[in-house]
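K.L.:
Structure below; questions to follow.
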Amino acid sequence: MPSTTRRLAAADVKLSGPMPLKATQKKRLRAHAHHLKPLVTVAGKGLSDSVLAEIERALNDHELVKIKLRSERAQRHAWQLDISEKCGAELVQSIGQVACFYRRNQDNPVIDPG
């Protein structure tokens with residue numbers, strides 16, 4: 001049986017900085033993120049420096065991460081905007097308390113968004 005973790009080919013075109021993803025790229029990233037589990041949980045203490053550092057580490061290592069946001073809807077939306085802004089990551093999908101973010105690693109790209 002093949003492993004669910006796979007390394008995708010690097011893109012021919014380098015993305016420079018936080019560039020908005022196209023709909024087709026988001027669709028491909030959502031499909032790739034379907035089997036992922038949340039790596040970071042943001043709860044009562046909010047987006048502290050240590051939580052942001054852990055999100056940064058996860059984005060550097062994996063490029064595509066799921067984050068569990070345990071709070072009310074308005075607070076979750078505010079946290080999503082803060083994570084996008086502070087970490088330079090693109091929000092790929094948000095369903096309930098789980099949000100998926102993508103930030104390309106320029107040195108060692110793992111995922112080709114398409």
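K.L.:
Using the structure shown, select from 37/86; 22/68; 45/68 the pairs with a Cα to Cα distance greater than 20 angstrom. Intermediate values should be presented prior to the final figure.
P.N.:
Values: 37/86 22 Å; 22/68 24 Å; 45/68 13 Å.
Pairs exceeding 20 Å: 37/86; 22/68.
K.L.:
Here's something else I'd like to know. Using alpha-carbon positions, what is the distance between the centroids of region 20-37 and region 77-114, in Å?
P.N.:
One Cα centre to the other: 10 Å.
K.L.:
Okay, next question. For 61, 107, 82, write out the residues from largest to smallest accessible area, computed with a 1.4 angstrom probe and no ligands counted. Working shown, then result.
P.N.:
On the way: 61 85, 107 145, 82 55 Å².
Of 61, 107, 82, the descending order of accessible area is 107, 61, 82.
K.L.:
Can you give me the % of accessible surface on region 68-107 that is carbon or sulfur? Probe 1.4 Å, all protein chains present, nothing else counted.
P.N.:
Working: 1010 of 2250 Å².
Result for region 68-107: 45 percent of the exposed heavy-atom area is carbon or sulfur.
K.L.:
If you average over every viewing direction, what projected area does the convex hull of the Cα atoms of region 25-114 give, in nm²? Could you put the intermediate results ahead of the total?
P.N.:
Numbers: hull surface 21.4 nm².
Dividing the Cα hull surface by four gives the mean projection, 5.4 nm².
The values are calculated or read from the model by the stated rules, or taken from the named source; none is laboratory data. Being a predicted model, the structure only gives us computed values, none of them experimental. When the accessible area is computed, the model is the full protein with side chains, heavy atoms only, and any ligands, DNA or RNA have been set aside. Shrake-Rupley method; radii C 1.70, N 1.55, O 1.52, S 1.80 Å.
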